[in-house]
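Asker: Take a look at this one; I'll ask things after.
Derivation of every value follows stated rules applied to the coordinates shown; laboratory data play no part. If you're wondering where the values come from, they're calculated on a predicted model, not measured in any experiment. Neighbour counts run over all protein chains shown; Cβ positions are idealised from the backbone, glycine included.
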Amino acid sequence: MADKKKRKRTTKDEQEEDRPFKSILESDEAILKLLKSYISSSLTAAGSNGASSSSSSSKPLTLADLSLSSSCREVADLSLSSVQTEIETVIVQIARSILAGDGFSFSVPSRAASNQLYVPELDRIVLKDKSTLRPFASVSSVRKTTITTRILALIHQLCLRNIHVTKRDLFYTDVKLFQDQTQSDAVLDDVSCMLGCTRSSLNVIAAEKGVVVGRLIFSDNGDMIDCTKMGMGGKAIPPNIDRVGDMQSDAMFILLVEKDAAYIRLAEDRFYNRFPCIIVTAKGQPDVATRLFLRKMKMELKLPVLALVDSDPYGLKILSVYGCGSKNMSYDSANLTTPDIKWLGIRPSDLDKYKIPEQCRLPMTEQDIKTGKDMLEEDFVKKNPGWVEELNLMVKTKQKAEIQALSSFGFQYLSEVYLPLKLQQQDWL
């Protein structure tokens, strides 16, 4: 009998060894109490900050409020009639230029890296005001000028008909001219920048990619959607943010997940019922619809956003795109960025802290190391000492790991131990 008890104790000890840190987890009720306290103090701090600045202005800080050394360009949401008017104005100017004997060219805002600026006060990347000429009478730019003209004509048709099309639809209107969708996509961004409007104002959308599940109810084109009843796959994020409204939630936070695999694990385990939250993923690189949807949730629901990404330079890059914007679309960073996203994991320091086995860690390639060092030079990384410390550790150890490395302790270790412990310790940057 004593031997049997001893065997049971040994088995329990072995299980504890296989699932590190499970023994220090507090009850769900205790963790939820800690979370409520954190959210309450955060809201109080935000309220006091807002009150202290309300004497000067009740509006959030914008580019116009800052005295920057460089003039910068930003776009705005425009109505279809306004977009149509802008296109017609551009074409009339070109016609006058041709009639005056000055030729045919577009003045296109430069989206080169040298024309980008990180603004610490806004914590996002913006586009400076430099433009380049795209003349038709030049061998190097004649084709791109033709593509620009074609895209403007197609957008004008969409405005007249008041319909939406996907970027793929746009490409297939003239495959021989565009040759590759990346070329029509790039010019589409140029056109958006030229006209001074957001890309969604052009009525061109990307195919559905991101998904959301958890404690969120919203209307999608008039239909009420309950994201707790969407099954394991969740609800596809609508490509047109204008269709989304009436957001309601009893969640305590938003969990932004990089990978589809981690999202599925959390959705199947119904993590959002154990710890009330909204789980969202773009399944890799952030798309415009997911970025717009995340910002809308953050601004309307006033919830903290916690990010779960791979422990590699690209995971942090993805996090920075959500938070500070991408250089490719810096002209629309005001609408696409979500402020104050916290880096929950997986962080380089977690590899040793959570005893991730060596066989689950991957050696960083030379390109990985270069990307990591390049990120250390970015202003938006330098602003956060915690990020700098973690990136330096990553580059020094030359090790990376995916979220799935936690599965070495059990397929449900992510939802049953790692995330609850992170929430308990409020371990985020």
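Asker: When the helices in the chain are scored as -39500 (n - 2.57) per DSSP H run of 4 or longer and the sum is shared across all residues, what 222 nm value do you end up with, to the nearest 500 deg cm²/dmol?
Answerer: Mean residue ellipticity, 222 nm, calculated: -13500 deg cm²/dmol.
Asker: For region 232-322, compute the orientation-averaged projected area of the C-alpha convex hull (one quarter of its surface), in nm².
Answerer: For the Cα atoms of region 232-322, the hull's average projected area reads 5.7 nm².
Asker: Residues of region 180-194 with backbone nitrogen within less than 19 Å of a virtual label 7 Å along the Cα-to-Cβ line of residue 133, please, listed as ranges.
Answerer: Within reach of a label on residue 133: 194.
Asker: Quick one: what Rg and Dmax do you get for the chain from the alpha carbons, in Å?
Answerer: 24.7, 103
Asker: Also: Say each of residue 207 and residue 274 gets a label point 7 Å from the Cα, pointing the same way as Cα to Cβ; how far apart are those two points in nm?
Answerer: Label-label distance for residue 207 and residue 274, simple model: 3.4 nm.
Asker: Roughly how many nanometres apart are two label points built 7 Å out from the Cα toward the Cβ at residue 261 and residue 223?
Answerer: My value for the distance between the label points is 3.2 nm.
Asker: Under a no-solvent Debye model with one identical scatterer per Cα of region 287-429, what's log10 I(q)/I(0) at q = 0.09, 0.15, 0.21 Å⁻¹?
Answerer: Log10 I(q)/I(0), no solvent term: -0.29, -0.80, -1.35.
Asker: Residue 23 to residue 172: FRET efficiency via 1/(1 + (r/R0)^6), r the Cβ-Cβ distance, R0 60 Å, to the nearest 0.05?
Answerer: 0.55
Asker: Looking at this model, which pairs from 128/209; 370/398; 33/353; 36/422 are more than 20 angstrom apart at the alpha-carbon?
Answerer: 128/209; 33/353
Asker: Work out, step by step, the length gained on full extension between residue 42 and residue 362: first 0.36 nm times the residue separation, then minus their alpha carbon distance; give nm to one decimal.
Answerer: Between residue 42 and residue 362, full extension yields an extra 111.5 nm.
Asker: While we're on this one: Cα axis of helix 288-301 to longest principal axis of the chain: angle in degrees, 0 to 90, nearest 10?
Answerer: Taking the Cα atoms of the chain, the angle to 288-301 is about 60 degrees.
Asker: FRET efficiency for residue 396 and residue 426, Cβ-Cβ distance as r, R0 = 25 Å, nearest 0.05?
Answerer: The pair residue 396/residue 426 has a calculated efficiency of 0.45.
Asker: How big is the dipole moment of the chain about its Cα centre under a simple scheme where the beta carbon of each Lys and Arg is +1, that of each Asp and Glu is -1, and everything else is neutral? Debye, nearest 20, please.
Answerer: So the dipole magnitude of the chain works out to roughly 540 debye.
Asker: To make sure I understand the rule: partners must be aspartates and glutamates, Cα under 14 Å from the Cα of residue 22, and not fewer than 8 residues away in the same chain. Which ones qualify?
Answerer: 13, 14, 416
Asker: Identify, among 244, 232, 105, the residue whose Cα sits farthest towards the positive end of the charge dipole of the chain, taking +1 on the Cβ of Lys and Arg and -1 on the Cβ of Asp and Glu, with the dipole about the Cα centre.
Answerer: Of 244, 232, 105, it is 232.
Asker: Based on the alpha carbons, how large is the Rg to Rh ratio for region 347-429 when Rh follows Kirkwood?
Answerer: Reported Rg/Rh, Kirkwood definition of Rh: 1.00.
Asker: For region 347-423, what does the relative contact order come out to in percent, with C-alpha contacts under 8 Å and a separation of six or more?
Answerer: Answer for region 347-423 is 40 percent.
Asker: Let me ask something else. To two decimal places, what compactness ratio does region 53-129 give when its Cα radius of gyration is scaled by 2.2 N^0.38 Å?
Answerer: Here the Cα radius of gyration is 1.52 times the empirical estimate.
Asker: What lysines does residue 383 reach when the alpha-carbon gap must be under 16 Å and sequence neighbours fewer than 8 apart in one chain are set aside?
Answerer: 317, 342, 373
Asker: Subtract the Cα-Cα distance of residue 81 and residue 355 from 0.36 nm times their separation in residues, and report this length gain in nm to one decimal.
Answerer: 92.8 nm
Asker: Please report, in whole Å, how far the alpha carbons of region 189-229 spread along each principal axis, starting with the longest.
Answerer: 42, 20, 15
Asker: May I ask for the angle, rounded to the nearest 10°, between helix 313-324 and the longest principal axis of the chain, with both axes built from Cα atoms and the value confined to 0 to 90°?
Answerer: Helix 313-324 sits roughly 60 degrees off the main axis of the chain.
Asker: For the chain, take the longest principal axis of its alpha carbons; what is the angle in degrees between that and the long axis of helix 28-53, to the nearest 10 within 0 to 90?
Answerer: 40
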